[in-house]
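The structure appears right after this line, and notes come after that.
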Amino acid sequence: QVQLVESGGGLVQPGGSLTLSCAASGFTFSSYAMSWYRQAPGKERELVATITSVLGRTNYADSMKGRFTISRDNAKNMVYLQMNSLKPEDTAVYYCNAFRLGLHGNEYMYWGQGTQVTVSS
């Protein structure tokens, strides 16, 4: 059974920090690129950050402006998102995503249920 379980969300004041965690199971974690997405009320889901499976290369949405850091621990099947200098506009449900391009171009993708991050004073 494939599972992605996010944790670490909550209420934080502007300028504060949170670290989100995603625990993966039921698939070969080290073969998948891992990403964080977020979706705010009334907005489309957007990509926040990605870390690749082999070399651990990272990519961030421009809007993050260096405030967020994605990392992974393949030995523990975990991916993290460290969020600093949080702003009210960061308020969203944050989702963990796993992706792999397989044989014959088949795509494999899994989603977690999300964790709520609320930035408010």
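Could you pull out the GluC sites (Glu not before Pro) across the stretch 31-121 that fall in loop regions by DSSP (anything but H, G, I, E, B) with no more than 13 other Cβ atoms inside 10 Å?
44
Per residue Cα convex hull volume for the chain, in cubic angstrom? All intermediate terms of the calculation are to be shown ahead of the outcome.
Details: hull volume 12.7 nm³, N = 121.
For the chain, the hull spanned by Cα atoms encloses 105 Å³ per residue.
Sequence gap at least 6, Cα distance under 8 Å: using those rules, report the relative contact order of the chain to the nearest whole percent.
34
Among 90, 62, 73, determine the one that fluctuates most according to a GNM of the chain built with springs between C-alpha atoms less than 10 Å apart.
Highest fluctuation of the listed residues: 62.
Using +1 at the Cβ of each Lys and Arg and -1 at the Cβ of each Asp and Glu in the chain, identify which of 74, 110, 10 lies farthest towards the dipole's positive end.
Ranked along the dipole, the leading option is 74.
Hey, in the GNM for the chain with a 10 angstrom Cα cutoff, which one of 16, 56, 42 fluctuates hardest?
Maximum among the listed residues: 42.
Could you give the dipole magnitude of the chain about its Cα centre, charging the beta-carbon of Lys and Arg +1 and that of Asp and Glu -1, in debye to the nearest 20? Please list the in-between numbers first.
Working: 10 positive and 8 negative charges, 34 e Å.
It works out to roughly 160 debye.
Accessible area per residue of the chain at 1.4 Å probe, in Å²?
Details: 6650 Å² over 121 residues.
Accessible area per residue: 55 Å².
When only C-alpha pairs under 8 Å and at least 6 residues apart count, what is the relative contact order of the stretch 2-46, in percent?
Across the stretch 2-46, relative contact order equals 34 percent.
How much accessible area does residue 45 have with a 1.4 Å probe, in Å² rounded to the nearest 10?
The value for residue 45 is about 90 Å².
How many nm separate the modelled label positions at residue 47 and residue 62, each set 7 Å beyond the Cα in the direction of the Cβ?
Between residue 47 and residue 62, the label points sit 1.4 nm apart.
The values are calculated or read from the model by the stated rules, or taken from the named source; none is laboratory data. None of these values were measured; they are calculated from a predicted model. Positions of Cβ are backbone-derived with ideal geometry, glycine not excepted, and every protein chain shown enters the neighbour counts. Accessible surface areas use protein heavy atoms only, side chains included; no ligands, DNA or RNA. Shrake-Rupley method; radii C 1.70, N 1.55, O 1.52, S 1.80 Å.
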